[in-house]
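Read through the structure below, which is laid out as structure tokens, and then see the notes.
The values are calculated or read from the model by the stated rules, or taken from the named source; none is laboratory data. Bear in mind the structure is a predicted one, so any value in this text is a computation, not a measurement. Here the Cβ positions follow ideal geometry from the backbone for every residue, glycine too, while neighbour counts run over all protein chains shown.
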Amino acid sequence: MEFPTLLYHGTSGEFARKALREGLRPRSHLADAQDSDKLSNPDCVYLTDAYPIHHAALTCARHRDPYAGVLEIDVLRLDSSLFRGDESVIEQLNRDSDGIEGSREDRLRHYRDTLKNDFHDAVLTLDRMGTVAYHGPIPVEAISRVAILQADPPILPVSWARDISVTVANYHFVWMQQFAVTEWVMNDRWPRFDQMNDIYRFWLGELTDYSSRQGIKVSEAPRYLAPAEAASA
């Protein structure tokens with residue numbers, strides 16, 4: 001696959017606004033880091049080409065933030081040598097074939113602690129589950145746009161993205177819907193897909209009937225967005 005020039009990071013509205021001032025920093029770089037019990041690598045920031053609203057909705061729920069944030073990242077402003085595969089994807093791809101015993105959590109810790117920066121791994125995990133890790137902070141200048149979305153009560157795009165399960169096994173089944181929702185939120189247009197079966201056509205047909213931009217604020221030039229601005233968008 002061709003590596004995209006734009007990727008996304010989904011988080012809460014509060015964290016998104018903070019990133020516009022400080023950049024996106026891994027948990028290990030934060031004095032007040034939360035979610036310390038997570039199995040993801042604390043030295044990495046995770047990016048996606050399709051699921052930022054899903055991850056933003058989950059973060060909002062954990063932190064009781066009524067607003068979700070989606071940060072658009074200009075990949076050309078990042079150091080390609082700092083990309084690596086997402087350990088969750090690598091674990092799933094190698095399950096039952098790598099000889100590593102233990103629970104899923106044990107296996108995730110193994111891959112989290114042993115994976116190195118590797119652009120080929122990054123391409124693989126982005127292709128197989130739409131996620132990739134970046135080892136280190138993402139500078140403010142790499143954030144090209146930010147979207148703030150109402151998450152409580154959730155507007156429909158947030159509900160569509162939140163209520164899914166993302167795995168290697170189902171990725172290509174749900175990717176089209178999630179990519180479409182992200183494209184519409186960020187660019188106010190529904191993408192056209194050259195190849196689409198009847199299930200996708202029906203699914204996207206329901207989505208594309210939705211046209212309200214209420215509860216969505218997209219900043220073309222990143223700046224601080226107060227919650228009131230998002231609510232009145």
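Can we say Pro157 is closer than 17 Å to Thr11 by Cα and without any contact (Cβ under 8 Å) to a residue 40 or more places away in the chain?
no
What pairs can you find where one residue is in the range 169-198 and closer than 14 Å to Thr48 by Cα and surrounded by fewer than 12 Cβ atoms within 10 Å (Cβ to Cβ), the other is acidic (Asp, Glu) and at pLDDT below 85, and their Cβ atoms are less than 9 Å apart, with a gap of 6+ or different chains?
Cβ pairs passing all conditions: none.
Quick test for you: out of Glu2, Glu87, pick the one residue that is of a type outside the set (A, V, I, L, M), closer than 23 Å to Ala122 by Cα and free of Cβ contacts under 8 Å to residues at least 40 places away in the same chain.
Of Glu2, Glu87, the one residue that is of a type outside the set (A, V, I, L, M), closer than 23 Å to Ala122 by Cα and free of Cβ contacts under 8 Å to residues at least 40 places away in the same chain is Glu2.
Residues are listed down the side, and each one gets a yes or a no for (1) touching a His at 6+ places or on another chain (Cβ under 7 Å); (2) modelled with pLDDT of 90 or more; (3) over 27 Å from Leu82 (Cα atoms):
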position	(1), (2), (3)
Met129	no, yes, no
Ile155	no, yes, yes
Trp175	no, no, no
Pro191	no, no, yes
Leu204	no, no, yes
Gln214	no, yes, yes
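Give the residue that is nearest to Gly13 (Cα to Cα), with candidates limited to residues of the range 49-72 that are surrounded by 24 or more Cβ atoms within 10 Å (Cβ to Cβ) and among the aliphatic types (A, V, I, L, M).
Ranking the qualifying residues of the range 49-72, first place goes to Ala68.
I'd like to check which helices (runs of 4 or more DSSP H) are fully inside the range 107-208 and have at least 2 residues that are farther than 27 Å from Arg64 by Cβ.
Correct list: 119-129, 171-187, 198-208.
Take Val146 and decide whether it is under 23 Å from Pro26 (Cβ atoms), surrounded by fewer than 17 Cβ atoms within 10 Å (Cβ to Cβ) and in contact (Cβ under 8 Å) with a residue 40 or more places away in the chain.
So Val146 fails the test.
I want to confirm something. Restricting to the range 21-38 and keeping residues that are surrounded by 12 or more Cβ atoms within 10 Å (Cβ to Cβ) and at pLDDT 85 or above, which single residue is nearest to the chain's Cα centre (by Cα)?
Leu24
Hey, among Arg77, Arg84, which residue is in contact with a helix residue (DSSP H, G or I) (Cβ under 7 Å, 6 or more places away or on another chain) and crowded, with 21+ Cβ neighbours inside 10 Å?
Exactly one residue qualifies, and that residue is Arg84.
Here's a check for you: in the range 1-16, which residue that is farther than 14 Å from His55 by Cβ and modelled with pLDDT of 90 or more is surrounded by the fewest Cβ atoms within 10 Å (Cβ to Cβ)?
My answer is Thr5.
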